[in-house]
Amino acid sequence: MTPPDLLELGHLRTTASHTISLPHLSDLLRFVPAGASYDDYAVAVVDTNILGRPTHTGRLRILRHLRELYGPDESVTFRLLRELYGQAPDELPLLAGLLAVTHDEVLRASWPAIAQAGEGERVTSETLGDTIAAELGPGLAPATYAKSGRNVAASWTQTGHLTGVRAKTRSRVQAGPAAVGLAVTLGYLAGRRGTGLLDTVWFALLDATDLDRREALDTAHRAGLVDVRAAGAVLEVDPSPLLARAGRGAGGDA
C-alpha cells in the first residue's frame, strides 16, 4: 500500500472547464506575501478583488480553480512553488505547469500529445481532446473533451510548450534551475529515487534531452536547490536543501 504521506497524482478536472490561469496566479503571488495563510489568499481574491473579477460568484469561482490547481495553503507543494517563485519569478510558467499537472488529470492526460509532437509541429485542440479521451476513457461527454482540448491548448501555451494564437505549434521550453529543482523534488516526494527521478511526468515537462539531463541537474545543484552525486552508473539526487527551505525535511512534514 502507498504510504499516506507519499505525493500522489491528483484526479481533479479543473481544466475541463478552465485554463491553468497563469496570469491570475502571477497576480496573486505578487500581491499576497510569502507565508500567508489560505484565508489571506481568499480575502485578496474575494474581498479585495485583486484579480478584477466583476462579480462575487466569479471571484469565488477563480479562487476555487486556483486552489484546485495550486493549493494556495500550507501544502508542501504550494510552499515549494512559493519558495521558488521568490527566487526565480521568471520561471513561474513552468513552475505552475508542474503543479497543475500534479493535481489535474485532464491536463496530465493531454501531455502525451505534447510530448510526442516535434518542435514546430502543429498541435490542435482536436488532437488534445482526442488524447484526453483516449487516456481517460468514456467518462466525459464528447463536448467536454472538445472544450478540454481548447483549455489545455491554452494552458500549454501559458507554460511555453506551445506557441501561437489560433494555430499552435510545439515549442521546447528552457527549464531553469528552479523548475528542475521542483520537478526533481515532486518526483522525490512521490517515492522516486536515483535515475527514477528522471523518469517522471514532472521531469518530462522540462523538455530536457538525454544529453541535457545531467546538465539540468547540475544547474539546480549549483543553485543550491538539490544535492547531486554520481559514482559510475549510480546517481544520487537529494532535494533536502529545497525541502528545508520550503519548511519540510526529507523525512517528513514540518
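The values are calculated or read from the model by the stated rules, or taken from the named source; none is laboratory data. Since the structure is predicted, the reported quantities are computational estimates derived from the model, not experimental observations. When we count neighbours, we look across all protein chains shown, and the Cβ atoms used for this are built from the backbone with ideal geometry, even at glycine.
Considering R166, R229, R150, R213, which residue is among the basic types (K, R), modelled with pLDDT under 95, assigned by TED's automatic domain parsing to the domain that holds A115 and surrounded by fewer than 18 Cβ atoms within 10 Å (Cβ to Cβ)?
On the way: R229 fails: assigned by TED's automatic domain parsing to the domain that holds A115; R150 fails: modelled with pLDDT under 95; R213 fails: assigned by TED's automatic domain parsing to the domain that holds A115.
When all the criteria are applied, what remains is R166.
Select from region 102-134 the residues that are over 14 Å from A154 (Cα atoms) and in contact with a Phe, Trp or Tyr (Cβ under 7 Å, 6 or more places away or on another chain) and write down the one among them that is surrounded by the most Cβ atoms within 10 Å (Cβ to Cβ).
I132
Specify the residue that is farthest from L98 (Cα to Cα); the eligible residues are those in region 41-73 that are of a type in the set (D, E, K, R) and either in contact with a strand residue (DSSP E or B) (Cβ under 6 Å, 6 or more places away or on another chain) or surrounded by 14 or more Cβ atoms within 10 Å (Cβ to Cβ) (or both).
Filtering region 41-73 for residues that are of a type in the set (D, E, K, R) and either in contact with a strand residue (DSSP E or B) (Cβ under 6 Å, 6 or more places away or on another chain) or surrounded by 14 or more Cβ atoms within 10 Å (Cβ to Cβ) (or both), the one farthest from L98 (Cα to Cα) comes out as R53.
Taking I62 as meeting all but one of (1) more than 21 Å from L182 (Cβ to Cβ); (2) touching a residue at least 24 places away in the same chain (Cβ under 8 Å); (3) not in a helix (DSSP H, G or I), write down the number of the exception.
Here I62 clears every test but (3).
Return yes or no: is L140 surrounded by fewer than 21 Cβ atoms within 10 Å (Cβ to Cβ) and either of a type in the set (G, A, S) or not in a helix (DSSP H, G or I) (or both)?
On the way: surrounded by fewer than 21 Cβ atoms within 10 Å (Cβ to Cβ): yes; either of a type in the set (G, A, S) or not in a helix (DSSP H, G or I) (or both): yes.
When the stated conditions are applied, L140 passes them.
Which members of region 1-52 meet the condition of being in contact with an Asp or Glu (Cβ under 7 Å, 6 or more places away or on another chain) and in a helix (DSSP H, G or I)?
T14, T15, Y38
Tally up the residues in region 169-197 that are surrounded by fewer than 22 Cβ atoms within 10 Å (Cβ to Cβ) and in contact with an Asp or Glu (Cβ under 9 Å, 6 or more places away or on another chain), please.
Of region 169-197, the ones surrounded by fewer than 22 Cβ atoms within 10 Å (Cβ to Cβ) are 169-174, 176, 189-196.
Filter again for in contact with an Asp or Glu (Cβ under 9 Å, 6 or more places away or on another chain), leaving 169-174, 176, 189-190, 192-194.
So the count comes out to 12.
Can you tell me which residue within region 182-227, out of those that are of a type in the set (V, I, T) and over 17 Å from the mean Cα position of the chain (by Cα), is nearest to L92 (Cα to Cα)? Full working, then the answer.
Pass one, region 182-227, residues of a type in the set (V, I, T): 184-185, 195, 200-201, 209, 219, 226.
Those still in the list that are over 17 Å from the mean Cα position of the chain (by Cα) too: 195, 209, 219, 226.
Details: T195: 26, T209: 21, T219: 17, V226: 19 Å.
Looking at residues that are of a type in the set (V, I, T) and over 17 Å from the mean Cα position of the chain (by Cα), I get T219.
The conditions are (1) under 29 Å from L189 (Cα atoms); (2) more than 20 Å from the chain's Cα centre (by Cα), and G52 fails exactly one of them. Which is it?
Unmet condition: (1).
Filter region 191-207 down to residues that are aliphatic (A, V, I, L, M) and modelled with pLDDT under 95 and give me whichever is nearest to I114 (Cα to Cα). Don't jump to the end; show me each part of the working.
From region 191-207, those aliphatic (A, V, I, L, M) are 197-198, 201, 204-206; that's our starting set.
Add one more test, that the residue is modelled with pLDDT under 95, and what stays is 197-198.
Working: L197: 20, L198: 18 Å.
Per the stated criteria, the residue is L198.
Being assigned to a loop (DSSP other than H, G, I, E, B) and of a type outside the set (F, W, Y) narrows it down to one residue among P93, P72; which is it?
Details: P93 fails: assigned to a loop (DSSP other than H, G, I, E, B).
Among P93, P72, only P72 is assigned to a loop (DSSP other than H, G, I, E, B) and of a type outside the set (F, W, Y).
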